[in-house]
Every structure is written in C-alpha cells, then in structure tokens.
Amino acid sequence: MKFSGNLLILEKDGQKRQSLETIFSFLGLSCQSGEVQDCMSYFDTEEAVVDFCVLGDAGDVSFAELLSAHKDTAFLLCTDNSEDLTTYPNLLGRIGNDPNYDEIVSLLHYCQSFRTMRKFSNRSGQGAAALIKMLVGQGKAITNVRRLIEQVASTDASVLILGESGTGKEVVARAVHELSNRKKNPFVPVNCGAIPAELLESELFGHEKGAFTGAISAHVGRFEMAEGGTIFLDEIGDMPLQMQVKLLRVLQERQFERVGSNKPIKANVRVIAATHQNLEKMVENKTFRQDLFYRLNVFPIDTPPLRDRADDIPLLVQELVNRHSKEQNATVRFTQSAMLTLMSNKWPGNVRELSNLVERLLILHPNEVVDTQDLPVTYRGGKLEDDPYAERMALLDNFSVPMPGDSDLEDFNVEEADNKPIELPPLPVIDGENDMAQAFMPTLTPDGINLKDMVSNIEINMIKQALSQSNGVVAKASEILGLRRTTLVEKMKKYNIAASN
C-alpha cells in the first residue's frame with residue numbers, strides 16, 4: 001500500500017531516525033530528517049509543505065506549541081512525552097516501540113484522511129481524529145459523509161441516515177453523537193424492526209406498574225434513558241403507523257407519557273433515524289406518515305454502498321484486519337491479485353459483509369498471505385447456489401463419461417412409466433487406479449472448463465469421503481488418499497474442511 005506526501009522526522013537518535021525514514025520511504029512518502037534544529041526550519045519554508053510529522057526525542061522542542069502552531073499538519077508521536085497532548089485534534093496517534101506494518105499503515109491512513117478533511121473545512125475540532133477512525137476511507141463519497149457529519153454534529157437538528165444494509169448507518173449516527181455537545185450523555189440505539197409492534201411503545205416511552213398484564217413493575221423507556229443525549233431509531237421504516245403518530249408528537253412537543261400514565265415527561269433528546277427503505281415511496285403508498293418524514297428529514301445523510309467505494313477497500317481491509325486481529329490473536333496479508341479481486345466485487349452486504357469476510361480469513365489463514373484462490377468462490381466470480389448439491393452437479397456436467405443404457409432413454413415414455421419401478425442401468429465397474437483415472441477423465445467441451453475449480457472440487461470431494469471412511473481420523477484418511485498427514489491438514493485448512501465432515 002502506497003501513500004503520498006511530505007514527512008518530517010524530528011528525532012535526535014540517528015539510528016532510530018534512519019529506521020523510521022526507511023519504513024516511511026518504503027511506503028511512498030518523501031522523508032526529511034536530520035538534526036532537530038535544522039529540521040524545524042522546514043515548517044517555515046513555503047516551498048516544502050510538511051504534510052505529516054513524526055515526533056520523537058526532539059530535545060527542548062515543545063510538542064504542544066508545535067501542534068498548536070501547525071494545525072494543518074498531521075502529527076504522530078514516537079516517544080514518551082510528559083505533555084498533555086490529548087486536546088490537539090492534529091495528533092493522530094502513537095507509534096509503538098516495536099511497530100508493525102498494520103499499525104503504521106493505519107496511522108498513515110488517519111493522517112491522510114485528516115489532511116483531506118482540512119482541505120474541505122478548517123473547523124475540524126477535537127472529534128476529527130475519532131471521526132477519521134470511525135469512518136475509514138479517502139474517496140469522495142466517504143469524505144462527503146464526514147463533511148456532513150461535521151456540519152450537523154454541533155446542532156440539535158434531527159438527522160435521517162439513508163443507505164443500504166451494512167453501509168455503516170449506526171457508525172454515522174455514533175459519529176454525529178461523538179462530535180456533538182451531547183457526547184458526555186447517553187447514546188441509546190433502538191432497532192424498530194426488531195421489537196414487536198405491541199411492545200414498541202413501552203420500549204420507547206416506558207410504562208407504569210400495572211399498566212397492562214405482566215407489568216409487575218415500572219419500566220424506564222429508551223427516551224428517558226437517552227435524556228440529554230441521543231436516541232438512534234434504526235430501521236424507522238418498520239415502525240407501525242400508530243407508533244409513528246406518537247413519535248411525531250414527541251418530536252413536536254418534546255414530551256411524552258409512559259404507558260398507563262398521563263403525567264408528561266420532558267424529552268431533551270436528539271433524534272437520529274436510519275432506514276434502508278425508500279421513505280418517499282412509502283409516503284406515496286401511505287405506509288409512512290408524510291408529516292413524520294418531514295420532521296425526521298431535516299438533515300439527510302446518504303451512506304454510500306461499498307461498490308461505489310472500491311478505492312477505499314484496501315484501507316478498509318487493513319482497518320478491519322487491525323480490529324479483528326486483536327480478537328483472533330493473528331493477522332493476515334493480501335496479495336495484490338487478491339485485493340484487486342475484492343475491489344471488483346459488488347458487495348451486496350457492504351462493509352458488514354467485508355468485515356465478516358476478513359474475520360473468516362483470519363480464522364482460515366492466520367498469519368498467512370491470502371491469494372486469489374484462497375478467497376471463497378463467491379468472491380472469485382463464482383456462484384453459491386441454494387441447492388447444496390449444485391456445485392457437485394456442476395462439476396459432473398463437465399464430465400462426458402458415457403453411462404450404459406443411455407440409448408434406452410430415447411424410447412422412454414413418461415405416461416407408461418407411471419407407477420412402475422424404474423430400472424437404472426448398472427454403474428461401470430472400476431477396477432484399480434487406472435480405471436479410476438479413466439472414470440474421472442473429462443472430455444473438453446467447446447466452451448472449455450475451469451481446470452483449477454474442477455481440480456479443487458475433486459480434492460474436496462475425495463477428502464470428505466476419506467474422512468468419512470476413517471471416521472474423522474486424519475492420519476488414516478491421509479493413508480487412504482496416499483498423502484502425508486501434514487499435506488492433508490494443509491488442504492483441509494485451505495478448503496475449510498473439518499475432521500467431523
């Protein structure tokens with residue numbers, strides 16, 4: 001992964017300085033380093049703009065003054081420092097004593113995203129670094145989302161987040177909350193589609209003891225929980241019409257009553273809603289109230305689908321590897337071919353689907369390099385049919401092995417065959433390895449075949465049969481297949497086959 005920009009390294013230790021310069025130069029940055037006092041002059045040179053700066057042991061240099069004086073420069077800390085630098089938005093992170101590739105790449109991505117944000121707006125406050133880390137990417141689409149969040153966060157306006165499932169609508173909602181004046185108060189998410197209609201009112205507004213059968217005690221609703229903060233109404237399009245009326249009243253009057261009570265409760269709550277549905281069409285079809293739509297749609301934010309963010313996929317993959325590797329205690333690398341393959345996919349499940357794939361690959365290929373053939377077949381242009389036998393049948397379709405009795409099918413009559421047992425032709429007798437090879441020998445059709453997939457499918461089928469015959473004993477299955485045990489284990493890992501299969 002390559003980056004661009006001018007990097008300045010402030011470090012007294014020549015050996016450490018050289019190591020840092022080697023790392024960052026390899027990643028594509030133009031590095032400047034040397035004696036600290038000489039390097040400080042670069043900040044005052046108009047010809048050499050400092051995009052990024054690594055702060056190491058810089059002697060008497062005040063990091064706080066440097067961060068304050070150069071707000072458009074992204075800084076990374078590479079030393080222990082007694083100064084309190086947490087309030088500076090242009091300090092994007094800390095490089096560890098023994099940095100790895102994943103760590104460096106993520107930090108540089110944060111720095112480049114910060115630089116992009118500063119080009120569009122000079123109002124990036126203390127939440128800028130958090131926003132960059134929550135919404136990864138440098139493309140135009142995600143940059144526009146970050147701009148909109150930054151513009152609306154400091155207000156109390158209602159926000160409607162639109163987008164397909166898996167595009168990160170809740171992440172956007174949390175980002176709005178984290179950059180708002182309400183960030184110290186609760187952020188309460190509610191999935192309107194996951195709560196039964198008859199329970200939704202009680203869940204949102206609470207109920208008093210004895211309000212209905214089973215209400216053995218008073219219950220605090222989500223609006224009360226979110227007092228002073230933000231309530232996030234996910235899948236608002238699934239909210240029943242009768243509840244839409246009550247939500248509209250809360251938005252208009254800023255108060256509500258618990259179920260079973262007529263005592264009004266003030267609601268100092270910001271409402272953020274989200275949906276993957278087309279609310280305008282739902283308004284036309286009378287399944288969503290028009291007045292509620294206008295109340296919610298004060299400030300709409302569209303989350304872009306992943307297929308429109310192909311250039312962000314390498315950065316997203318790297319970020320997801322970093323997040324999941326802490327749980328799996330492993331990491332994974334991708335070849336350029338594998339990454340290009342991922343970038344060419346349609347991603348119907350968007351970022352959530354990509355996250356699940358990365359987690360799966362971390363389990364299948366811990367601390368390994370993933371190439372194109374290691375990706376699941378659906379990410380290599382193949383299709384996963386609903387019929388579990390479809391893949392096997394597709395493999396057999398490529399074989400032109402003549403079956404005895406095929407000519408009899410020409411005279412087969414469906415009506416005459418009713419209620420009569422069908423006598424299948426006998427299977428060919430296979431004797432020895434040579435006959436086995438002949439039985440599996442396909443005839444190449446004019447359209448050709450995918451040899452790699454065909455061989456893989458044969459291997460999968462044979463491994464599963466051998467494991468079944470050996471009752472899951474890998475050592476015995478390897479003898480049946482004429483393989484070393486270690487070779488069979490590697491193939492089982494490659495094809496995600498468990499011994500119990």
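A compact table of results
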item: Carbon/sulfur fraction of accessible area - segment 1-71, other protein chains in place, 1.4 Å, %; result: 45
item: Gap separating the Cα centres of segment 25-80 and segment 219-243, nearest whole Å; result: 47
item: Distance in nm between pseudo-label sites at D302 and N191 (7 Å out along the Cβ direction from Cα); result: 2.7
item: Sequence-distant residues sharing a close amide H with G28 (under 5 Å, placed H); result: F3
item: Across K326/K493; K133/K183; K246/K266, pairs whose alpha-carbon gap is larger than 19 Å; result: K326/K493
item: R0 of 25 Å, Cβ-Cβ distance Q373-A498: FRET efficiency to nearest 0.05; result: 0.80
item: Relative packing of peptides 298-311, 467-480 - highest average C-beta neighbours within 10 Å first; result: 298-311, 467-480
item: R0 of 30 Å, Cβ-Cβ distance E227-V171: FRET efficiency to nearest 0.05; result: 0.80
item: Cα-based convex hull, segment 172-283, per residue volume (Å³, whole number); result: 107
item: Neighbourhood net charge (14 Å Cβ-Cβ; Lys/Arg +1, Asp/Glu -1) for L77; result: -4
item: Rounded, prolate or oblate (a/c below 1.5 giving rounded, otherwise prolate when a/b exceeds b/c) for segment 295-339 by Cα gyration tensor; result: oblate
item: Label-point separation, R484 to K246 (7 Å along Cα→Cβ), nm; result: 6.8
item: Full-stretch length increase - S344, K184 - with 0.36 nm per residue and alpha-carbon distance subtracted; result: 53.5 nm
item: Additional length obtainable on full extension of the chain from E208 to M462, 0.36 nm per residue less Cα span; result: 85.1 nm
item: Inter-centroid distance (Cα atoms) of segment 269-336 relative to segment 177-203, Å; result: 17
item: Rounded, prolate or oblate (a/c below 1.5 giving rounded, otherwise prolate when a/b exceeds b/c) for segment 176-237 by Cα gyration tensor; result: oblate
item: Förster-model FRET efficiency, 41 Å R0, E280 and S154, C-beta, rounded to 0.05; result: 0.90
item: Set K263/K286; K184/K286; K169/K286; K169/K281; K16/K140; K184/K209 screened for pairs whose C-alpha atoms are more than 27 Å apart; result: K263/K286; K184/K286; K16/K140; K184/K209
item: Linear extension gain, M40 paired with T287, 0.36 nm per residue minus alpha-carbon span; result: 82.6 nm
item: Hz values of 3J(HN,Hα) by residue in segment 369-376 - Karplus curve (6.51, -1.76, 1.60), Gly and Pro given as x; result: 9, 8, 9, 4, 5, 7, 6, x
item: Under 5 Å, built H, 5+ apart or other chain: amide partners of F334; result: V370
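The values are calculated or read from the model by the stated rules, or taken from the named source; none is laboratory data. Given the structure is predicted, the values throughout are model-derived calculations rather than measurements. All Cβ positions, glycine included, derive from the backbone under ideal geometry; neighbour counts span all protein chains shown. Heavy atoms of the whole protein, side chains included, go into the accessibility calculation; ligands, DNA and RNA do not. Shrake-Rupley method; radii C 1.70, N 1.55, O 1.52, S 1.80 Å.
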